[in-house]
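Notes for the one structure printed next.
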Amino acid sequence: MGTLRRDPPAPRGARGPPDAGRVRAIDSPDESVARSAGETLADMDRRFRLFVESVRDYAIFMLDPAGRVATWNAGAERIKGYRAAEI
């Protein structure tokens, strides 16, 4: 992922390069953007987990690619009659 940077204009009376003050695309990783995206993803994951864990009226569970139960919420326990440890 790259970033856009704006070069500051050359001071008055000084002659800078012909492209001074123009916006250029820099092909270098912007760690703050990657970190921010990672934090956003972690926050979304946390909020989704809180949502699933708080639902009591519906059985919400996920299966892994092999078909085994990967998650089991409190609603699934109540409706299906099995605790997560029993699955």
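Label-to-label distance, R68 versus L41, with points set 7 angstrom from Cα along the beta-carbon direction: 2.4 nm. Tell me the net charge near E53. Cut-off is 15 Å between Cβ atoms, E53 excluded, with +1 for each Lys or Arg and -1 for each Asp or Glu. Overall, the nearby charge balance is +3.
Readers should treat all values here as calculations from the given coordinates under stated rules, not as data from a laboratory. Not measured: the values here are computed from a predicted model. Reconstructed Cβ throughout: ideal geometry from the backbone, glycine too, with neighbour counts over all protein chains shown.
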